[in-house]
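The numbers here are math on the coordinates, done by the rules we state, and not lab data. Quick caveat, the model's predicted, so the values are computed rather than measured. With ideal geometry, Cβ positions are generated from the backbone for all residues, glycine too; neighbour counts draw on all protein chains shown.
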Amino acid sequence: LQELLSPTKKKRLPPGPRGLPILGHFHLLGKNPHQDLYHLARKHGPIMSLRLGFVPAVVVSSPAGAELVLKTHDLVFASRPPHEAAKYIGYEQRDLVFLPYGPYWRNMRKLCTLELLSNLRIDQFRAMRKAELSLLVSSLKQASELGEIVDLSARVSGLSGDMICLMIFGRKYADRDLDEKGFKAVISETVAIAAKFNLADYFPGIGVLDLQGMNRNMKRLSKIFDGFLEKIIDDHVQNKQEKKETEDFVDIMMAIMESGEAEFEFDRRNVKAVLLDLLIAGMDTSAAATEWAFSELIRHPQVMKKLQNELETVVGLEQMVEESHLDRLEYLDFVVKETLRLHPVAPLLVPHESMQDCVIDGFHIPKGSRTMVNIWAIGRDPNVWPDPEAFKPERFIGSNIDIRGRDFRLIPFGSGRRGCPGLQLGLTMVRLLVAQLVHCFDWELPNCMLPSDLDMSEHFGLVTSRAKHLMAIPRYRLHK
Ligand code: HEM
């Protein structure tokens, strides 16, 4: 109303640093943009405006701001900005993660939530998770007998990759199966390239020039993946008659495609785009969260001991942890929450885009603003978290702070329409892996390194993981 009454009044943008002509604020963002944005927000406020090339951007760094964007005005901010990588790797934006808001995204999201990532479906793979984890424990037990140093980061990421591949494709993939570079290396390269600031996303029209050589790389990667996915789908089609105990995601998607029941365009390209999306979204996220939890536990031996004591009481030293124990492991829940507060694996969520002009906390946010919610900054806000840098799972004792998107102080999975549909699967995997590895083994750092000397540097990407692999020595502690 105020705007109608005084149309000449200039709309007030949120405060922000001074930008450069043309470039805007790109020069202020380094290798870890979430950290740079945290420092800038301390100066300019929890709702801050920037310009990246020709694109207006807003950075939100408080729980109240996050609630305005992800709940109060959820629909306005439910889109994603244009993303050059998704054109190549997401089959012309037929994927889910980077898809702009609209009927296709709504349908695809519903399909994934109901058919692939439902609690029922996740439960069907319980036995598989148990078997895979037992394999890892056996191999670590051997390392323990030999007193070997293990690359825990590589082991956890291998395990989480195997689990996700078994759910999606029905089989595991050895490194050589994707490309001579290796399965894991190709996926890491894809994730890294999709997370890179691509000038074409900020200076519309210059994409064709391919100044950073990114298009060439993305075309190459998309060709590798396409061949891989085509082969998997062909194998599934050929072996359709075989009776399987549990259908994998390819079976389910192909059945939907062939039934013609999907009320929207749904052909092989859509199937491939979603399979790739889930592979990338599911594989590294759970592994990175587990790796961070483990790093903090090793750095805080008294927290590790307390968690082992809880496991001894609930599970006992005669057996391994089962998924059915997880609900009774309250301290484990606190450890996972505290880990994701300090080390959210998607520190800026996935960027949202506003679909209309909007007023947030009195500030004008123009249509088409790239919107980043800095949950890394929220997790370190001293007004929200006393002694924010300290890793203290005890802070959750007696608190009702939820991690599923209802409490904006802690939203590692996002919240609202674009919140993570893989939350249940991700949480189950992280809790199970952390519990099992803490229960079965004591852990020591190699070369007499002190826990407090462990390097905790981050490597920003679509998934922000440890910059350096976590190396540790296991000592088996169960009685059988
Ligand atoms: C600890 C594990 C995980 C964490 C912390 C996590 C976190 C997130 C976050 C922060 C977002 C973006 C939310 C937003 O933009 O507002 C997201 C989106 C998404 N996640 Fe996860 N995730 C995890 C595991 C998984 C798993 C296991 C899957 C599936 C296999 C998955 C599938 C997705 C998909 C498809 C989206 C895009 C949703 C959309 O744009 O509509 N995630 N996740």
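Taking other Cβ within 10 Å of each residue's Cβ, how do Leu29, Leu209, Leu40 sort, fewest first?
Least to most surrounded, the residues fall as Leu209, Leu29, Leu40.
Sort 189-196, 94-101 by packing, meaning the average of other beta carbons within 10 Å per residue, with the highest value first.
Most protected by this proxy first, the peptides run 94-101, 189-196.
Rounded to the nearest 0.05, what FRET efficiency is calculated for Phe54 and Arg18 with R0 set to 22 Å and r the Cβ-Cβ distance?
0.80
Would you mind ranking Thr113, Thr285 so that the residue whose beta carbon has the fewest other beta carbons within 10 Å leads the list?
If I rank by nearby Cβ atoms, fewest first, I get Thr113, Thr285.
Mind scanning Lys31/Lys87; Lys87/Lys172; Lys31/Lys219; Lys71/Lys337; Lys223/Lys367 and naming the pairs with a C-alpha gap bigger than 29 Å?
Table pairs above 29 Å Cα-Cα are Lys223/Lys367.
Calculate the length of the line joining the C-alpha centroid of the stretch 101-118 to that of the stretch 206-268, in whole Å.
Centre-to-centre (Cα) distance: 16 Å.
A 31 angstrom limit on the alpha carbon distance is what I want to check against. Which of Lys130/Lys272; Lys141/Lys231; Lys43/Lys184 exceed it?
Lys141/Lys231; Lys43/Lys184
Need one number: % antiparallel among DSSP beta bridges in the stretch 2-476, to the nearest 5.
Given both bridge residues lie in the stretch 2-476, the antiparallel proportion sits at roughly 85 percent.
So how far apart, in nm, are the two label points at Ala192 and Met449 if each is 7 Å from Cα heading toward Cβ?
Each label point is offset 7 Å from its Cα along the Cβ direction, giving 2.1 nm.
Could you put Lys141, Lys31 in order, starting from the residue whose Cβ has the fewest other Cβ atoms within 10 Å?
Lys31, Lys141
If r is the Cβ-Cβ distance from Asp387 to Lys172 and R0 is 45 Å, what FRET efficiency results, to the nearest 0.05?
Efficiency, rounded to the nearest 0.05: 0.55.
Which length gain, in nm to one decimal place, applies between Glu394 and Asp267 when the Cα-Cα distance is subtracted from 0.36 nm times their residue separation?
40.8 nm
Find the centroid of the Cα atoms in the stretch 132-163 and in the stretch 302-344, then give the distance between the two in whole Å.
Comparing the Cα centres of the stretch 132-163 and the stretch 302-344, I get a distance of 19 Å.
When a/c is below 1.5 the answer is rounded, else prolate if a/b is larger than b/c, else oblate, so apply that to the stretch 331-480 with a ≥ b ≥ c taken from the square roots of the Cα gyration tensor eigenvalues.
prolate
In the stretch 89-154, what GluC sites (Glu not before Pro) fall in a loop by DSSP, with at most 15 other Cβ atoms inside 10 Å?
The qualifying sites are Glu92, Glu148.
For Lys71 and Asn309, FRET efficiency with R0 = 22 Å and r from the beta-carbon atoms, rounded to 0.05?
0.05
What distance in nm separates the two pseudo spin-label positions at Arg475 and Gln124, each 7 Å out from Cα along the beta-carbon direction?
4.4
Taking a ≥ b ≥ c as the square roots of the eigenvalues of the Cα gyration tensor of the stretch 77-220, is the shape rounded (a/c under 1.5), prolate (a/b larger than b/c) or oblate?
Judged from the Cα gyration tensor, the stretch 77-220 comes out oblate (a/c at least 1.5, b/c at or above a/b).
Taking only complete DSSP H runs, can you tell me which helices of the chain stretch 27 Å or more along their own long axis by Cα positions and average at least -1.0 on the Kyte-Doolittle scale?
Long hydrophobic helices here: 126-146, 214-238, 268-299.
Mind giving me the nanometre distance, one decimal, between the label points for Arg404 and Asn107, set 7 Å out from Cα along Cα→Cβ?
Going from the Arg404 label point to the Asn107 one covers 2.9 nm.
Multiply the residue separation of Asp327 and Glu92 by 0.36 nm, subtract the distance between their alpha-carbon atoms, and state the gained length in nm to one decimal.
Using 0.36 nm per residue and subtracting the Cα-Cα distance, I get 80.5 nm.
Between Gln238 and Lys11, 0.36 nm times their residue separation minus their Cα-Cα distance comes to what?
My answer for the length gained is 75.6 nm.
Under the rule a/c < 1.5 gives rounded, and otherwise a/b versus b/c splits prolate from oblate, where does the chain land using the Cα gyration tensor?
oblate
Quick one: dipole size for the stretch 2-476, taken about the Cα centre, charges +1 on Lys/Arg Cβ and -1 on Asp/Glu Cβ, in debye to the nearest 20.
The dipole magnitude comes to about 1660 debye.
Would you calculate a helix-derived [θ] at 222 nm for the chain, using -39,500 (n - 2.57) for each DSSP H run of n ≥ 4 and dividing by the full residue count, to the nearest 500?
-14000 deg cm²/dmol
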